Amino acid sequence: RDSQQADTEHLSRWKKWRRTSSKSWKKALSEVKGLSSYLVLWQRDIHCIEGKFGTGIQSYFSFLRFLVLLNFIIFILMFSFVTLPFTISKYGIFNSTIADISPKNIEDNCTIYEPSGNKGLVYFYTYLKDLFSGTGFLEVTSLFYGYYTIDAVWISIMRYNLPLAYLLATFAYLALSFLWIIKRSVKGFMQNLVHDADPFQSYCNKVFAGWDFCITDPNAAWLKHRSLQYELQTDLQEEKLKQKIAERTMKEKLRIYSLRIFINIIVIAILSGCFYSIYRVTVFSQENSSDAANANSLVNLLVQYLPSMVITLANFIGPLIFSFLIRFEDYTPAFEIRLTLMRCVFVRLANIGVLLFSLWSQISNCGTDKCKPCGYNYKLYPCWESDVGQEMYKLMIFDFIVILAVPLFVDFPRKLLVTHCSCKLIQWFGQQEFGISDNVLEIIYGQTICWIGTFFSPLLPAIATIKYFIIFYVKKIILIHTCKPAARPIRASGSNFFFLVVLLIGLILAFVPLGVSIARIPSSKACGPFRNFNTSWEVVPDTILEFPTVVQQILFGMASEAFAVPFFMIICIIMFYFIALARAHKRVVEQLREQLVLESRDKMFLIRKITEAQR
């Protein structure tokens, strides 16, 4: 410091001012960065959870926070580019108007759409029924696809192409979700790779470099102690199981592998039963929910919710059976969670796929020749996009109701019984542990519904944001007041990465039904922004035809096979180059690690020689 002060005395005033300004600016940025950490959503709550229950459970709540932010951004995207322009033009704000174009070359029967909005005086329970089913007054609001039945918006002299904006906003939220998940997955993958590369290195990092010397608060120090304790406990537990696996005899291996094959056959049978039940229930619900005589009855509401109830029942029973069966397969805690998650993924996410397949089979099913000009069953589904949106809406609402009902009617009564009742059977059940795999699947299932349903219900991300915001506090209360720390703790680094991989599977599953709906199924001719197009995708080539000829040729050339095949080959060559480069780097790292081991042995040899010479 004295040397630096002596040097500054010989500097000019300009250089002294620049150095002082630079130091002041860095200090201000550091303070702003420190203050901004207090603005991070649920930062303090998540740190407390990490100290009390370990980094594995903390990773679940961090994952939940990520989904809240993701859904909020998707909502802002859809609202800004779809809902807001329509609302502005509808009420004539900024001298805006709506451009309606009548359907072209379409039979009149295809354009008949009369939403079941409530007219006149109705009973209060009718509004409740509409709120839970998405019909009635909700069907004619901006929540669903059928509300946006316009072709363009004129704001002063500027034409806003709403169909194109609707489609591009859909692609944008899917691309945003994909890139954000990939970005977070890469970080988790790097942490997972470092941890799995050398277990001894992981121990050294925790023992010698695990403490944060910036901690001055006693409570924060206690939380950090607990976090490190859980990390070491997890490592030791996994090493113990690996040692047990290595000591297995051939007879034990044969017994375990045979048992695993038998359990997997049971799992496949359970999945098949779930899929068939959902298909039959969906067909029954669609055929009987349009009964005009019982439109406002409780029975009709139950019939509409029948697919949601069966899917929720399958989602509840399936993971319980899988969690019971996994105990007999003798896996490590980390792999046990991953395998249970993968099985539950096939139950929850494939159930959504079966539901959509059942709906599409009903939409595309033309029993008579009269509906062939429309390309879909217009009598049962005059605006089929809104019907699919209502199914996604009901799935989300019912899933939220179940998540709130289970703590109220199961978790808290169980806690009271275990605390105040000395019955041996109740004490045998004991306090529940916080099931990470089940809770992660709950929110991934809801997020997949949101991704699929946003195209058919543009404001569904707003509902998802509110839902996950409430779920955070519900799960926090359950964790603190009704759960005990897990007997087999889970590491956060592997959990974070795997949670995102499963979420990516849900996103890829969402691509399939959305792609089919946009490119293959004829769009409704009675509602929505795409009623003048055979499919939703046709708005893209129709817009390109309005461009100059040179731009058209370039875009159509990029979409041709002559461009796609060389482009694919170049991408493959680049990918193989990076794979080869990664392998070369891996070999260099292994050589450097071996060199470090040899150098440490040389040091130990020299120390022994010096010690012997001194003796």
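Key figures
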| read-out | value |
| --- | --- |
| By average C-beta atoms within 10 angstrom, highest first, the peptides 343-356, 265-278, 167-180 | 343-356, 167-180, 265-278 |
| Rg followed by Dmax, in Å, when the chain is reduced to its Cα trace | 30.1, 107 |
| 1.4 Å probe accessible area per residue over the chain, in Å² | 57 |
| Dimensions in Å of region 560-614 - Rg and Dmax from alpha carbons | 24.0, 81 |
| Approximate shape of region 382-428 as ellipsoid semi-axes (Cα gyration tensor, √5λ), whole Å, largest first | 41, 8, 4 |
| Quarter of the Cα convex hull surface for region 502-559, i.e. its orientation-mean projected area (nm²) | 5.4 |
| Positive-end residue of Gln614, Ala562, Tyr577, charge dipole of region 560-614 with Cβ unit charges | Gln614 |
| Where N is the number of residues in region 1-88, Cα Rg divided by 2.2 N^0.38 Å | 1.95 |
| Accessible heavy-atom area order of Met569, Met392, Met250, Met342, highest first, probe of 1.4 Å | Met250, Met569, Met342, Met392 |
| Carbon plus sulfur fraction of accessible area for region 560-614, probe 1.4 Å, in percent | 71 |
| Within-13-Å neighbourhood charge of Leu339 [Cβ basis; K, R +1; D, E -1] | +1 |
| 222 nm mean residue ellipticity, helices alone, for the chain (DSSP H n ≥ 4; -39,500 (n - 2.57); rounded to 500) | -24000 deg cm²/dmol |
| Environment charge at Thr249 (Cβ cut-off 15 Å; Lys +1, Arg +1, Asp -1, Glu -1) | +2 |
| Accessible area, probe 1.4 Å, largest first, for residues Leu301, Leu425 | Leu425, Leu301 |
| Exposure rank, largest accessible area first [Ser386, Ser560, Ser364; 1.4 Å] | Ser364, Ser560, Ser386 |
| DSSP bridge orientation in the chain - percent antiparallel, rounded to nearest 5 | 80 |
| Per-peptide average of other Cβ atoms within 10 Å, ordering 469-479, 497-507, 409-419 highest first | 497-507, 469-479, 409-419 |
| Highest average packing first - 310-322, 595-607, 522-534, Cβ atoms within 10 Å | 522-534, 310-322, 595-607 |
| The chain, dipole about Cα centre (Lys/Arg Cβ +1, Asp/Glu Cβ -1), debye to the nearest 20 | 2360 |
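The values are calculated or read from the model by the stated rules, or taken from the named source; none is laboratory data. This is a predicted model, so every value here is computed, not measured. We place every Cβ from the backbone using ideal geometry, glycine too, and count neighbours over all the protein chains shown. Keep in mind that these areas ignore ligands, DNA and RNA; they rest on the heavy atoms of the full protein, side chains included. Shrake-Rupley method; radii C 1.70, N 1.55, O 1.52, S 1.80 Å.
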